[in-house]
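The values are calculated or read from the model by the stated rules, or taken from the named source; none is laboratory data. All of these numbers come straight from a predicted model, not from anything done at the bench. Positions of Cβ are generated from backbone atoms using ideal geometry, with glycine treated the same way; all protein chains shown enter the neighbour counts. The protein model used for the area step is the full one, side chains on, heavy atoms only, and it has no ligands, DNA or RNA in it. Shrake-Rupley method; radii C 1.70, N 1.55, O 1.52, S 1.80 Å.
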Amino acid sequence: MASKRPKDPSVLHGHHVVTGPELRAAMEAARDADETARVRRRVLHGVVLVLLIGVIAAAIILALAIINGRLQLPSAEPAPSPVSSCPPSIYDYVPADKVNLNVYNSTSRPGLARSVADEFLARKFVVGNVSNVNAGYRGVAAVVSGAAGHAAAFTVQRHVPGSDYFQDGRTDASVDVILAQDYKALTPADLVDQTPGKLSCPRESRRIADTDKLPVMPAAAPTR
């Protein structure tokens with residue numbers, strides 16, 4: 001009679017018997033898998049948090065830009081075109097002896113108002129005030145008048161090349177000339193264009209923006 005083979009301790013009734021080392025290995029593998037999953041979740045949560053913070057920061061920056069006017073949202077209706085406040089009429093050249101003129105110096109050049117006033121006097125203009133002024137205007141010269149002085153101001157501008165016209169609320173036809181940093185000289189008397197034309201308002205946009213700072217009626221100060 002053949003002898004019986006010894007039983008395999010790892011098999012019981014046809015099923016594999018899990019040993020201690022195998023059980024420990026399985027548990028360690030499960031712990032490793034669980035730790036990996038936790039790390040992945042943490043990374044995912046971190047990415048989501050960073051993206052959320054970025055979206056919130058972008059929204060705040062966008063809102064501030066809109067509030068401060070740096071960014072304008074498109075409108076369904078077109079924005080109205082700015083209304084020009086530069087007088088559009090064509091004016092005749094007025095004889096110099098019909099123009100009442102005040103000359104002011106807003107630069108640091110001593111004697112400028114007096115010397116330019118003398119030049120206007122030599123050209124037969126009627127010169128009144130000659131003085132200093134601290135004006136916010138920056139350019140060649142500001143020529144200022146009321147509505148009644150448009151033609152006179154047009155005439156003065158023909159003598160002051162590069163000047164900017166500004167209108168104030170005075171009711172007479174007097175004209176102010178405020179000399180600024182970029183002033184060089186009057187147009188030579190024999191080259192003054194006396195044909196009809198328009199007032200020159202090249203810096204109109206600034207004038208509209210700075211209406212409350214218009215250099216119109218300077219305070220009296222010692223003559224330069």
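Quickly run through region 195-205 and pick out the residues that are in a loop (DSSP other than H, G, I, E, B) and surrounded by 12 or more Cβ atoms within 10 Å (Cβ to Cβ).
Pro196, Lys198, Leu199, Ser200, Cys201, Pro202, Arg203, listed by residue number.
Please give the number of the condition Asp193 fails out of (1) modelled with pLDDT under 95; (2) more than 33 Å from the chain's Cα centre (by Cα).
The single condition Asp193 does not satisfy is (1).
Go through (1) assigned to a loop (DSSP other than H, G, I, E, B); (2) at pLDDT 60 or above for Pro21 and report which single condition fails.
(1)
Limited to region 158-175, what total is found for residues that are open to solvent by 30 Å² or more (accessible area, probe 1.4 Å) and farther than 16 Å from Ala96 by Cβ?
7
Could you check Asp176 against (1) modelled with pLDDT of 90 or more; (2) assigned to a loop (DSSP other than H, G, I, E, B) and say which number it fails?
Tallying (1) modelled with pLDDT of 90 or more; (2) assigned to a loop (DSSP other than H, G, I, E, B), Asp176 fails exactly one: (2).
For Ala57, which of the numbered conditions (1) of a type outside the set (S, T, N, Q); (2) modelled with pLDDT of 65 or more; (3) open to solvent by 100 Å² or more (accessible area, probe 1.4 Å) fails to hold?
Result: Ala57 fails condition (3) only.
Just checking, does region 161-176 include any residue being on the phi > 0 side of the Ramachandran plot and touching a helix residue (DSSP H, G or I) at 6+ places or on another chain (Cβ under 7 Å)?
Within region 161-176, none of the residues are on the phi > 0 side of the Ramachandran plot and touching a helix residue (DSSP H, G or I) at 6+ places or on another chain (Cβ under 7 Å).
Looking at region 83-112, which of the residues that are of a type in the set (A, V, I, L, M, F, W, C) and either in a loop (DSSP other than H, G, I, E, B) or open to solvent by 80 Å² or more (accessible area, probe 1.4 Å) (or both) is modelled with the lowest pLDDT?
Once the filter is applied, the top-ranked residue is Val83.
Inside region 158-185, can you point out the residues that are free of Cβ contacts under 8 Å to residues at least 60 places away in the same chain and closer than 16 Å to Tyr104 by Cβ?
Residues satisfying the conditions are His159, Val160, Ser163, Asp164, Phe166, Asp168, Arg170, Asp182.
So, in region 114-134, how many residues would count as being more than 13 Å from Asn102 (Cβ to Cβ) and touching a helix residue (DSSP H, G or I) at 6+ places or on another chain (Cβ under 9 Å)?
So the answer is 4.
Give me a count of the residues in region 130-157 that are without any contact (Cβ under 8 Å) to a residue 60 or more places away in the chain, surrounded by fewer than 24 Cβ atoms within 10 Å (Cβ to Cβ) and outside any helix (DSSP H, G or I).
3
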